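Below is one structure, written out as structure tokens; comments come after it.
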Amino acid sequence: MTPFSFTDSHCHLDFAELSHQREQLLQQCSKVGIKRIIVPAVSPKNWHKVIRLADINLTKADLPQLLPAVGIHPWYLQGLTFQDLDNLALTTQQNLTKIVAIGETGIDGKIAKQQANLAKQIVFFNAHIELANQCKLPLIVHHRSSHPVIYQQLKQTPAQYGGIIHAFSGSYQQARQYIDLGFKLGIGGTISYERAQKTINTVKKLPLNSIVLETDAPAMPLSGFQGEANSPLKVINVFNLLCQQRNESPEEIAQAIEININSLLAPN
Ligand SMILES: [Zn+2]
């Protein structure tokens, strides 16, 4: 039992690994103080699945609040066209009472190399930024080998309602650039990795009002847990790891992070 409230700001709860025992898992989350879970969609195929998750709270008020985001992840662009972007806008407009963010979107530098699709990734990313601005929603951004491109796009077309740089890894200077553009940094399992010293050093120095927690479950299992599967429950472990790197009290950190989430969810 912990006295704090937590939000997993990035969990793919609709994926098969997590959906087969979802209710039991969510009950466990409730017990340890996990009160909210943001669930980003990754492609048109799972938009409605993710949106429907919000309905769970209509009948089960004691479970964590499930907060859907819709978007197209840069890994899933193959075969998609402008029509899919129009459909994304329409789906968002039609479900605005449930959707809390646009994403997951972003730029993946490794995929851009493999598939030679950087130009397409940029077009899709920009469309997401514009949609987020139109709908007054924050943006959830995937990055991998792509900080300069993402930063350039966000400078050109600012995300007016901020967002989260999901699974942030990078230098303090890179973090600072996103913070100055109104973004929070999603801190997750990366800080459990011995090899992630650069990111760990960044996390030590970040202003507390720029940090949110995430698991990215079922992806990104934490190091040091004997290969245990990742789940939203691990947000507590991420929190503990974060506390080890910071000078503030756990109470102060937990409270600040919930305030950060609140500011994203209700920017006005
Ligand atoms: Zn993700």
Discussion item. Quick check on packing: order 218-231, 138-151, 25-38 by the mean number of other C-beta atoms within 10 Å, highest mean leading.
Written reply: 138-151, 25-38, 218-231
Discussion item. Quick check: residue separation of Leu90 and Ala116 times 0.36 nm, minus the Cα distance between them. What number comes out in nm?
Written reply: 6.5 nm
Discussion item. Report, in listed order, any pair from Lys35/Lys60; Lys184/Lys204; Lys31/Lys60; Lys205/Lys234 with a Cα-Cα distance greater than 18 Å.
Written reply: Lys205/Lys234
Practice prompt. Would you work out the relative contact order for the range 6-265, in percent, from Cα pairs under 8 angstrom that are 6 or more residues apart?
Written response: 18 percent
Worksheet item: Given the rule -39500 (n - 2.57) for each run of at least 4 DSSP H residues, summed and divided by the residues of the chain, what is its mean residue ellipticity at 222 nm, to the nearest 500 deg cm²/dmol?
Response: -13000 deg cm²/dmol
Fill in: Heavy-atom accessible area per residue - the chain, 1.4 Å, Å²
45 Å²
Item to complete: Please report, as a whole percent, how much of the solvent-accessible surface of the range 6-265 comes from carbon and sulfur atoms (probe radius 1.4 Å).
Response: 51 percent
Worksheet item: Cα atoms only, the chain: Rg and Dmax in Å?
Response: 17.2, 49
Worksheet item: Just the accessible area for Trp75, please: 1.4 Å probe, Å², rounded to the nearest 10?
Response: 110 Å²
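The values are calculated or read from the model by the stated rules, or taken from the named source; none is laboratory data. These figures come from a predicted structure and were not determined experimentally. Counting neighbours? That spans all protein chains shown, and the Cβs are built from the backbone with ideal geometry, glycine included. For the accessible areas, the whole protein counts, side chains as well, though only heavy atoms, and no ligand, DNA or RNA atoms are used. Shrake-Rupley method; radii C 1.70, N 1.55, O 1.52, S 1.80 Å.
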